[in-house]
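J.: Here it is, the structure, as C-alpha cells.
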Amino acid sequence: MQKLRGGAELVMGCRLPKGGGTIMPGAMPWKNRWLGNPVLSLVGRVFFRCPAHDFHCGLRGFSKSAFEAMELQTTGMELASEIVIKSTLKRLKIDEVPITLHKDGRSRPPHLRPWRDGWRHLRFMLLFSPRWLFLIPGLVLLLAGSVATAALMRSDVRIGSILFNVGTLAMGSMAVIVGFQLVAFAFFTKVFAIAEGLLPEDPKLSRVFKVVTLEKGVLAGLGILLAGLAILVRALLIWRMANYGILSSAEDNLRQLIPSATLIVLGIQTIFSSFFISALGLKTTSRRPPASTS
C-alpha cells in the first residue's frame, strides 16, 4: 500500500458539506443526510473527540501499522465505527478528504436499514463510552440525590412557594441508589471492554485501582452498612418508646428510616460491586484487564 498523505495513519472520505464534501441531489435519503450521519458524527466527535466530520463514510484507508495498532474485534457493521473510535483512542493521525457523493447507479435497492442500522451504531458508540452512558448521568444523580437527602434529613425545606418534605427525601434517596449503580456500571463496562481488547488501556483507571482495592471496597461497604444499621437501630428505639404503636410524628421517623435504608442498600452494593469488579479483572491468557483490579 502506498504511503498515506501527510503521514496520516487513517484517511477518511467526507461526504458532508461541514467537512468540505458534496452530496449530489438524490444521492442520500433525507433521514441519512439531515439526521443519521450528522447526529452520529456529532456523537462520535463529542464522545471520543474524533476529528472526523463524516463518521460513517465507507471510503477510508489505513496503514498496516495502524491496522495492527487498532486491534479490531467486531465483525458486523460495527467494525466501521470501531475503526474510527480505536484510531482516535490510540491517538493515530486521522486525515479527512472531501469527496463528492453521487446518486447510486445500481439497479438493486440498498440493503441498509437506516433506523435499525443507525441505532446499532449509536448503541455501539454508547457502549464504547461508559463515561457518557453511565458515569456522567450517575454522578449527576448521585450528587443531586445526596444534596436533597442531606438537606431533608432533619426538616422540610421551603424554596419560595414550594415545600420539599419526606416525599422529596424518598426521591433523593432513590437518586442516590440509582446514581451509585450507574457509576458502578461505568467501571464494570470499562474493565470488561479493556479486558476484551475493545478499549485501550487507561492509565488513570489503573491508578485508581491501585488505590481502591477489593479489600478497601469491602471495608468501605461494611462501614456504610453499619452506619445505616445504626440509624435503623435508633429509629427502632424511638418506636419502642412508643410501645411499638403509632408514633407522634411519622414524618420524623421516616427521616431516619429512608436514609437508613439507603445506606444499607449502598453498603451491600459496594461490597458485592467490589467482588464483581475484582472478578472482571481476573487475568487469563486471553484477557488483559486493567492493572490491580483483581
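The values are calculated or read from the model by the stated rules, or taken from the named source; none is laboratory data. Owing to the predicted nature of the structure, the values given are computational and were not obtained by experimental measurement. Quick reminder, even Gly has a Cβ in these numbers, built from the backbone with ideal geometry, and neighbours come from all protein chains shown.
J.: Consider Ala220 against the criteria (1) assigned to a helix (DSSP H, G or I); (2) out of contact with any helix residue (DSSP H, G or I) (no Cβ under 7 Å at 6 or more places or on another chain): it satisfies all of them except one. Which criterion is unmet?
T.: Here Ala220 meets the rest and fails (2).
J.: Now for a separate question. When the residues of segment 21-36 are narrowed to those that are in contact with a helix residue (DSSP H, G or I) (Cβ under 9 Å, 6 or more places away or on another chain) and under 17 Å from Ile99 (Cα atoms), which ends up surrounded by the fewest Cβ atoms within 10 Å (Cβ to Cβ)?
T.: Ala27
J.: Scanning segment 3-20 for residues that are part of a loop (DSSP other than H, G, I, E, B) and either at pLDDT 70 or above or more than 22 Å from Glu82 (Cα to Cα) (or both), which turns out farthest from the chain's Cα centre (by Cα)?
T.: So the residue we want is Lys3.
J.: Still on this structure, please answer the following. Testing Leu198 on (1) in a loop (DSSP other than H, G, I, E, B); (2) at pLDDT 80 or above, one condition comes back false. Which one is that?
T.: All conditions pass for Leu198, except number (2).
J.: Can you say whether Ile258 is buried (at least 19 other Cβ atoms within 10 Å of the Cβ) and in contact (Cβ under 8 Å) with a residue 60 or more places away in the chain, as far as the supplied structure shows?
T.: It is true that Ile258 is buried (at least 19 other Cβ atoms within 10 Å of the Cβ) and in contact (Cβ under 8 Å) with a residue 60 or more places away in the chain.
J.: When the residues of segment 37-73 are filtered to those that are among the basic types (Lys, Arg) and touching a residue at least 12 places away in the same chain (Cβ under 8 Å), which remaining residue is nearest to His102 (Cα to Cα)?
T.: Checked segment 37-73; the qualifying residue nearest to His102 (Cα to Cα) is Arg60.
J.: Quick check on my filter: what residues within segment 227-247 are under 11 Å from Ser260 (Cβ atoms) and not charged (D, E, K, R)?
T.: Ala227, Gly228, Leu229, Ala230, Ile231, Leu232, Val233, Ala235, Leu236
J.: Would you be able to say whether some residue in segment 6-15 is in the same structural domain as Lys93 (by TED's automatic domain parsing), among the basic types (Lys, Arg) and exposed (fewer than 13 other Cβ atoms within 10 Å of the Cβ)?
T.: no
J.: Quick one: in segment 24-42, which of the residues that are touching a strand residue (DSSP E or B) at 6+ places or on another chain (Cβ under 9 Å) and not in a helix (DSSP H, G or I) is nearest to Lys86 (Cα to Cα)? Reasoning before the result, please.
T.: Here is the first cut: in segment 24-42, the ones touching a strand residue (DSSP E or B) at 6+ places or on another chain (Cβ under 9 Å) are 24, 27-28, 33.
Imposing the further condition that a residue be not in a helix (DSSP H, G or I) reduces the set to 24, 27-28.
Working: Met24: 31, Ala27: 29, Met28: 27 Å.
Among them, the one singled out is Met28.
J.: Restricting attention to segment 113-169, and to residues there that are of a type in the set (Phe, Trp, Tyr) and out of contact with any strand residue (DSSP E or B) (no Cβ under 6 Å at 6 or more places or on another chain), which single residue is modelled with the highest pLDDT?
T.: By that ranking, first place goes to Phe134.
J.: While we're on this one: Would you confirm, using the coordinates I've provided, whether Leu247 is of a type outside the set (Lys, Arg), modelled with pLDDT under 90 and within 20 Å of Val176 (Cα to Cα)?
T.: no
J.: Still on this model: Which residue, of Gln256, Gln269, is out of contact with any His (no Cβ under 8 Å at 6 or more places or on another chain), modelled with pLDDT of 90 or more, under 30 Å from Arg154 (Cα atoms) and not in a loop (DSSP other than H, G, I, E, B)?
T.: Values: Gln256 fails: modelled with pLDDT of 90 or more.
Being out of contact with any His (no Cβ under 8 Å at 6 or more places or on another chain), modelled with pLDDT of 90 or more, under 30 Å from Arg154 (Cα atoms) and not in a loop (DSSP other than H, G, I, E, B) holds for just one of Gln256, Gln269, which is Gln269.
J.: With modelled with pLDDT of 85 or more, surrounded by fewer than 16 Cβ atoms within 10 Å (Cβ to Cβ) and assigned by TED's automatic domain parsing to the domain that holds Arg33 as the only criterion, which of Ser87, Ser65, Ser107 stands out?
T.: Answer to the check: Ser65.
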